[in-house]
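The structure follows.
The values are calculated or read from the model by the stated rules, or taken from the named source; none is laboratory data. Note that this is a predicted model, so its numbers are computed, not measured. Cβ sites come from the backbone with ideal geometry, for glycine too, and all protein chains shown count toward neighbours. When the accessible area is computed, the model is the full protein with side chains, heavy atoms only, and any ligands, DNA or RNA have been set aside. Shrake-Rupley method; radii C 1.70, N 1.55, O 1.52, S 1.80 Å.
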Amino acid sequence: MRKTVVIQLSLLILGVILILYTYNSKEKEEQIVDVDITEDNIVISSTDEIKNIIENANYIGTDNKGTFFEINSAIAKILNDEPNLSYMEKVNAVIDLRDGRKINIKSDNAIFNRLTNDTKFIGNILVTESDSIITSDNLDLQISKNLITAYNNVKYNSKKGFLIADKVDIDILTKEASIFMFDSENKVQVQYKN
């Protein structure tokens, strides 16, 4: 009987040690991060836990108006406290519109919201659509509103002309654009081509 008690007590102690070891080793594997969005970059450092890191991430979707989009990145990070956001690096996006137009967007970084399908592109933005090219430091793609907002150092070039502004809002479906300068003292620079 005494031998049985010793074996049971030994197994209980071993079980407690295994539980403690497993719990402590799991805590050490979690990486702590903090997301800081600057004008040209997304910096992830120490306060929130990374849930997943995905290489060659690919998100595909559509809206109820027939707009199809695909967003690809070399790396996507998903944080525990923001599970619906993907922090992406080296990003390429393609928007296929119902009328046959195709819009391509490239950037250094992006934040993709998997619930709304909206994306904030950050750093070295290049947008191409047929013969038009837009470059900027930042761009917000709001699929939910069919709106592209390019801002900070916006340059637009097409066969019709060249434009420099602080902010451009473009309705994806109607092709209508609103052009702004942040400082009312400055004027939008436009140069028409013949």
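Could you work out what % of the accessible surface of segment 38-181 is carbon and sulfur, using a 1.4 angstrom probe and leaving DNA, RNA and ligands out of the count?
Carbon and sulfur atoms account for 48 percent of the accessible area of segment 38-181.
Which whole-Hz ³J(HN,Hα) couplings does segment 57-71 yield from phi under the Karplus relation 6.51 cos²θ - 1.76 cosθ + 1.60, θ = phi - 60°, glycine and proline marked x?
Along segment 57-71, the couplings run 5, 9, 10, 10, x, 8, 10, 6, 9, x, 7, 9, 9, 9, 10 Hz.
Kindly identify segment 62-142 as rounded, prolate or oblate by the Cα gyration tensor criterion: order the square roots of the eigenvalues as a ≥ b ≥ c, call it rounded if a/c is under 1.5, otherwise compare a/b with b/c, prolate if a/b is larger, else oblate.
Oblate shape, in that a/c is at least 1.5 and b/c is the bigger or equal ratio.
What residues qualify as long-range amide H neighbours of ILE172, i.e. H under 5 Å apart, gap of 5 or more or another chain, H built at 1.01 Å from N?
HN-HN under 5 Å from ILE172: LEU147, ILE148.
Beta carbons within 10 angstrom, averaged per residue: use that to sort the peptides 177-185, 62-70, highest first.
62-70, 177-185
When a/c is below 1.5 the answer is rounded, else prolate if a/b is larger than b/c, else oblate, so apply that to segment 96-173 with a ≥ b ≥ c taken from the square roots of the Cα gyration tensor eigenvalues.
It is oblate, given that a/c is not under 1.5 and a/b is not larger than b/c.
Separate question: Going by Cα centres, segment 47-96 and segment 149-194 are how many Å apart?
So the two Cα centres are separated by 28 Å.
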